[in-house]
Amino acid sequence: MRRTLLAGLAAGAAGTAALDAVSYLDMLLRARPASTTPEETARRAEDALHLRLSEEGPDSDAAANRRTALGALLGITAGLATGVAYGLVRPHLGRVPLAALGAGAGLVANVGTTGPMVLLGVTDPRTWSASSWLSDFFPHLAYGMTTAGAFELMWRRPEPRRLAFAPRSGARALARACRSVARTA
């Protein structure tokens, strides 16, 4: 079980890196700004839990900077936790195609991050534009496919490969070929 948890954690880390890379690539290509929903989620959680992120007050630069960091850390935590959950569940799923496993992991990661935002009133997916859906869909798909693929690589024991020929027979064939070349020279 420890092996699957660690493989899940590592796979979740790889998936999180893929999600971030696809998100930043989208920002680069479309010149879109970073999403403010992670920061707003941190702000709403801060208010709901009566936390103070800075002695200077909730509108200070220090509090805003901490909110930005907290929003990013919540996303990383969600990615790692989804990877660990994947590691716990995957051994019980049998021979499911990798594409289905990846889509499932991406969906779970999406719900895990969007769910708290919906519950805190930060966003409502029913009001999202097609562009917003795509900005959310592709990074989570990248997360899921990377997480599933990385986990499979770490979890599956490699199958022993049979050599096409025994080492001695290969050496003998090489020696025969060398003698044949030497005779003709």
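The values are calculated or read from the model by the stated rules, or taken from the named source; none is laboratory data. The structure presented is a predicted model; accordingly, all values stated were derived computationally and were not measured. Counting neighbours? That spans all protein chains shown, and the Cβs are built from the backbone with ideal geometry, glycine included. Heads up: the accessible areas ignore ligands, DNA and RNA and are worked out on the full protein's heavy atoms, side chains in. Shrake-Rupley method; radii C 1.70, N 1.55, O 1.52, S 1.80 Å.
Taking the residues in the stretch 1-37 that are of a type in the set (Val, Ile, Thr) and more than 15 Å from Leu134 (Cβ to Cβ) as candidates, determine which candidate is modelled with the highest pLDDT. Can you show your working first?
Let us first name the residues in the stretch 1-37 that are of a type in the set (Val, Ile, Thr), namely 4, 16, 22, 36-37.
Narrowing further to those that are more than 15 Å from Leu134 (Cβ to Cβ): 4, 16, 36-37.
Numbers: Thr4: 89, Thr16: 96, Thr36: 88, Thr37: 89.
Per the stated criteria, the residue is Thr16.
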Pairs only if they're at least six apart or on different chains, beta carbon under 8 angstrom, first in the stretch 130-141 and among the charged types (D, E, K, R), second surrounded by 14 or more Cβ atoms within 10 Å (Cβ to Cβ) and in a helix (DSSP H, G or I); list them, first residue then second. Asp136/Asn110; Asp136/Thr114
Out of all the residues in the stretch 137-168, which are modelled with pLDDT under 85 and open to solvent by less than 50 Å² (accessible area, probe 1.4 Å)? Trp155
Contacts under 6 angstrom Cβ, first residue in the stretch 20-48 being closer than 13 Å to Gly75 by Cβ and assigned to a helix (DSSP H, G or I), partner among the acidic types (Asp, Glu) and modelled with pLDDT of 95 or more, 6 or more apart: none
Do the conditions hold for Glu46, that is, is it loosely packed, with under 14 Cβ neighbours inside 10 Å and of a type outside the set (A, V, I, L, M, F, W, C)? no
Can you find even one residue in the stretch 71-80 that is open to solvent by less than 50 Å² (accessible area, probe 1.4 Å), assigned to a helix (DSSP H, G or I), under 22 Å from Trp155 (Cα atoms) and touching a residue at least 60 places away in the same chain (Cβ under 8 Å)? yes
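For the stretch 90-109, which positions are among the hydrophobic types (A, V, I, L, M, F, W, C) and either open to solvent by less than 10 Å² (accessible area, probe 1.4 Å) or within 21 Å of Arg2 (Cα to Cα) (or both)? Working first, answer last.
First pass over the stretch 90-109, keeping only residues among the hydrophobic types (A, V, I, L, M, F, W, C): 93, 96, 98-101, 103, 105, 107-109.
Leu93, Leu101, Ala105, Ala109 - these are the residues of the stretch 90-109 that are among the hydrophobic types (A, V, I, L, M, F, W, C) and either open to solvent by less than 10 Å² (accessible area, probe 1.4 Å) or within 21 Å of Arg2 (Cα to Cα) (or both).
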When you check Ala31 against the structure, is it farther than 28 Å from Leu153 by Cβ, open to solvent by 60 Å² or more (accessible area, probe 1.4 Å) and among the small types (Gly, Ala, Ser), yes or no? yes
Looking at (1) without any contact (Cβ under 8 Å) to a residue 12 or more places away in the chain; (2) over 30 Å from Trp155 (Cα atoms); (3) open to solvent by less than 60 Å² (accessible area, probe 1.4 Å); (4) outside any helix (DSSP H, G or I), which one does Val122 not meet, given that it meets all the others? (1)
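Give the residues of the stretch 125-135 that are open to solvent by 40 Å² or more (accessible area, probe 1.4 Å) and of a type outside the set (A, V, I, L, M, F, W, C), sorted by residue number.
Within the stretch 125-135, the first condition is being open to solvent by 40 Å² or more (accessible area, probe 1.4 Å), and the residues that meet it are 126-134.
Scanning the stretch 125-135 gives Arg126, Thr127, Ser129, Ser131, Ser132.
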